[in-house]
Structure formats: C-alpha cells, structure tokens
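The values are calculated or read from the model by the stated rules, or taken from the named source; none is laboratory data. Predicted model, so just to flag it, every value in this text is computed and none were measured. Neighbour counts are summed over all protein chains in view; Cβ atoms, including those assigned to glycine, are modelled from backbone coordinates with ideal geometry.
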Amino acid sequence: MIDFYSWATPNGRKISIALEEMGLPYRLHKVDITKGEQFSPEFLALNPNNKIPVIQDQDGPDGQPITVFESGAILIYLAEKTGQFLPQDRRGRTLALQWLMFQMGGLGPMLGQTHHFLHFAPEKVPYGIERYKSETKRLYGVLNKRLGEAAFMAGDYSIADMAAYPWIAAHPRQEIDIGEFPNVARWLSAIGARPAVIKGIAVG
Ligand SMILES: N[C@@H](CCC(=O)N[C@@H](CS)C(=O)NCC(=O)O)C(=O)O
C-alpha cells in the first residue's frame, strides 16, 4: 500500500495519474496547502521542502517503508517499482528521462510562475507577466515541435507525458491559445481520454 500526500494541483495530479495508470493501491492523505498544512511538523518530517506531492511506500525496495518527495523522483520510483511507462533499454530510458527533466526543470516551474503572476500576485506586475507568458509560449513551441515528430514526448506514452499533462491541461490559466499548437492539442486529447487519467485528475 502506498500512502499518497497531495492536494488537487498539477504536481499532485502527476502522481495520482501515475498511480492510476500503474494500477497501484494507494491511500490519499489530503494536505491543504491553502491552509498551510504543508508546514505542520508531521508533514515536514515527510518532506523538509514543505511541498506536495509525497509518497510513502510501505513496501519499499528492501521490504521496508520508503518516503519519496519531488514529483519527478516519485514518477521514476513508481515506474521502476512496476516496470511500466519507463523504457528499460538505455536509449529509450534516457529519452524519457530527458523529457521528464524538461518538464521538471522548465515547463513546470515556468508555467507555475505564469499562474502566479496572472492569478496570485497581490499587485499587477507587467514585467513578470510578460516574462513568464513569453517563456510559457516558447516552451509550448518546443513541445509542439517534439509532438510533431512523435506521438508522445518520448515516443511511447511514458512518465514524461504524465508529468507534463496536468500543466498543459491548465492552458487557459496561462492564456495560451491551444489552437496555435496543434500537435500539443492532439496529444492533450489523446491523454485526456485515457480512463486512468480521467480517474487520476478527479482524485482529491
Ligand atoms: N518540484 C516540486 C514542486 C512541488 C510544488 O511546487 N508543490 C506545490 C503545489 S503544486 C506546493 O506544495 N506548494 C506549497 C508551498 O510551496 O508551500 C515537485 O515537483 O514535487
């Protein structure tokens, strides 16, 4: 059994999608980040970086419980545990990890800043809005080009797609016209129709 600490945000949804796709049994523990529950001593003992998502697998690699934070690390852990959605051959695995890191290091943080400046900043900051909206658009262009070459980010559907999907599904909040990125739109519909994704998105 996996204890899953999360809240209904794009980073949390990456993991609920993966747990559903991989058919792993899990228990959801809601951490209301709008009320500051991520700063409780109990949660900080799981993730000193006070962010969801976190998992605690009661049946870790050595039979002992293991706690994992950082959504990219959790996705790799779950893929390796189940042998699913991460190719085993080195070339395929490197490609999937490359696109996962593109999400973790670029797409997620930059789109997160766009959400912040558009929706949460206490004052309107035109420079911040412009900077992150244009970087967001550039990243959609990179993804659109890649998805013109392959059905999914790493060729076959993988944890890289699970990481990117919840962020791209929130494109209206980034003021992105998805019609300008037809390959991304095609990919978004294909992933959004998967039963495990529909279930994963609804969690929490
Ligand atoms: N790099 C982290 C980012 C996680 C993250 O930003 N989580 C947000 C919600 S989407 C959070 O818990 N924020 C609460 C806080 O920063 O206090 C990951 O991918 O797991």
So for the range 86-108 (the condition being farther than 27 Å from N144 by Cβ, away from the ligand (no atom under 16 Å from the Cβ) and part of a helix (DSSP H, G or I)), does at least one residue qualify? yes
Determine whether M104 is within 18 Å of the chain's Cα centre (by Cα), at pLDDT 95 or above and within 27 Å of D59 (Cβ to Cβ). yes
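Yes/no per residue for (1) within 12 Å of the ligand (Cβ to nearest atom); (2) touching a residue at least 24 places away in the same chain (Cβ under 8 Å); (3) of a type in the set (A, V, I, L, M, F, W, C):
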{"site": "K14", "(1), (2), (3)": "yes, yes, no"}
{"site": "L19", "(1), (2), (3)": "no, yes, yes"}
{"site": "L24", "(1), (2), (3)": "no, yes, yes"}
{"site": "L28", "(1), (2), (3)": "no, yes, yes"}
{"site": "G63", "(1), (2), (3)": "no, no, no"}
{"site": "A79", "(1), (2), (3)": "no, yes, yes"}
{"site": "T82", "(1), (2), (3)": "no, yes, no"}
Could you list, in sequence order, the residues of the range 31-46 that are more than 25 Å from T114 (Cα to Cα) and either away from the ligand (no atom under 12 Å from the Cβ) or not aromatic (F, W, Y) (or both)? S40, P41, E42, L44, A45, L46
Modelled with pLDDT of 95 or more and farther than 30 Å from R146 by Cβ, is that true of K35? yes
So which residues in the range 156-192 are of a type in the set (G, A, S) and under 28 Å from D89 (Cβ atoms)? S158, A160, A163, A164, A190
Kindly list the number of the only condition in (1) touching a residue at least 40 places away in the same chain (Cβ under 8 Å); (2) within 17 Å of the chain's Cα centre (by Cα) that fails for I176. (2)
Only residues in the range 145-161 that are on the phi > 0 side of the Ramachandran plot count as the first member; pair them with residues that are part of a helix (DSSP H, G or I), Cβ under 9 angstrom, at least 6 apart or cross-chain, and list the lot. G155/G92; G155/L95; G155/A96
For helices (runs of 4 or more DSSP H) lying entirely in the range 133-204, having 2 or more residues that are touching a Ser or Thr at 6+ places or on another chain (Cβ under 9 Å) and crowded, with 22+ Cβ neighbours inside 10 Å picks out 159-169
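Results for (1) surrounded by 12 or more Cβ atoms within 10 Å (Cβ to Cβ); (2) closer than 30 Å to S134 by Cα; (3) more than 11 Å from the ligand (Cβ to nearest atom); (4) at pLDDT 95 or above, shown as yes or no for each residue.
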position: V54; (1), (2), (3), (4): yes, no, no, yes
position: Q58; (1), (2), (3), (4): yes, no, yes, yes
position: T67; (1), (2), (3), (4): yes, no, yes, yes
position: S71; (1), (2), (3), (4): yes, yes, no, yes
Just to be sure before I move on: is F85 aromatic (F, W, Y), more than 18 Å from the chain's Cα centre (by Cα), modelled with pLDDT of 95 or more and crowded, with 17+ Cβ neighbours inside 10 Å in the structure I sent? no
